[in-house]
Amino acid sequence: MIVINKVKIIRQEKGITQNELARSLDVSHQTIHAIEKGKYNPSLKLSLKMATLFDLPVEEIFNLEGEYK
C-alpha cells in the first residue's frame, strides 16, 4: 500500500516554509522535501510530532492510497 500525505498543502496553508518546518521537527530540509514528494514515509514519532505541530490528527495528514479524505 502507498502512503499519501497532505504535508505540503497543510504547511502552505499555515504559512510555514520547508526550512521552518524542518527546524521545528528537528529534521533536515531534505527530509521535509522527500516527505512532501512521497519519496519518504516518516516514522511514527515524526508523524506524531508533525500532527502536534499542525494541531491535526495524524489521519488528516497521512492516509493509505484510496482512503484520502
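The values are calculated or read from the model by the stated rules, or taken from the named source; none is laboratory data. Note that the structure is predicted; figures quoted are calculated from it, not measured. Counting neighbours? That spans all protein chains shown, and the Cβs are built from the backbone with ideal geometry, glycine included.
In segment 1-23, the residues that are in contact (Cβ under 8 Å) with a residue 24 or more places away in the chain form Cβ pairs under 9 Å with partners that are part of a loop (DSSP other than H, G, I, E, B) and of a type in the set (Asp, Glu), at six or more places apart or across chains, as follows: Met1/Glu65; Ile2/Glu65; Val3/Glu65; Ile4/Glu65; Ile4/Glu67. Considering only residues in segment 25-53 that are touching a helix residue (DSSP H, G or I) at 6+ places or on another chain (Cβ under 8 Å) and of a type in the set (Ser, Thr, Tyr), the one that is farthest from Ile4 (Cα to Cα) turns out to be Ser28.
Of the residues that make up segment 53-66, is at least one of a type in the set (S, T, N, Q) and not in a strand (DSSP E or B)?
Start the filter on segment 53-66 by keeping residues that are of a type in the set (S, T, N, Q), which leaves 63.
So of that shortlist, the ones also not in a strand (DSSP E or B) come out as none.
No; the residues of segment 53-66 include none that is of a type in the set (S, T, N, Q) and not in a strand (DSSP E or B).
Quick check, is Gly66 at pLDDT below 95 and over 10 Å from the mean Cα position of the chain (by Cα)? Considered against the rule, which asks whether it is at pLDDT below 95 and over 10 Å from the mean Cα position of the chain (by Cα), Gly66 comes out as yes.
Of all the residues that make up segment 10-52, how many are touching a Leu at 6+ places or on another chain (Cβ under 8 Å) and part of a loop (DSSP other than H, G, I, E, B)? The number of residues fulfilling the criteria is 1.
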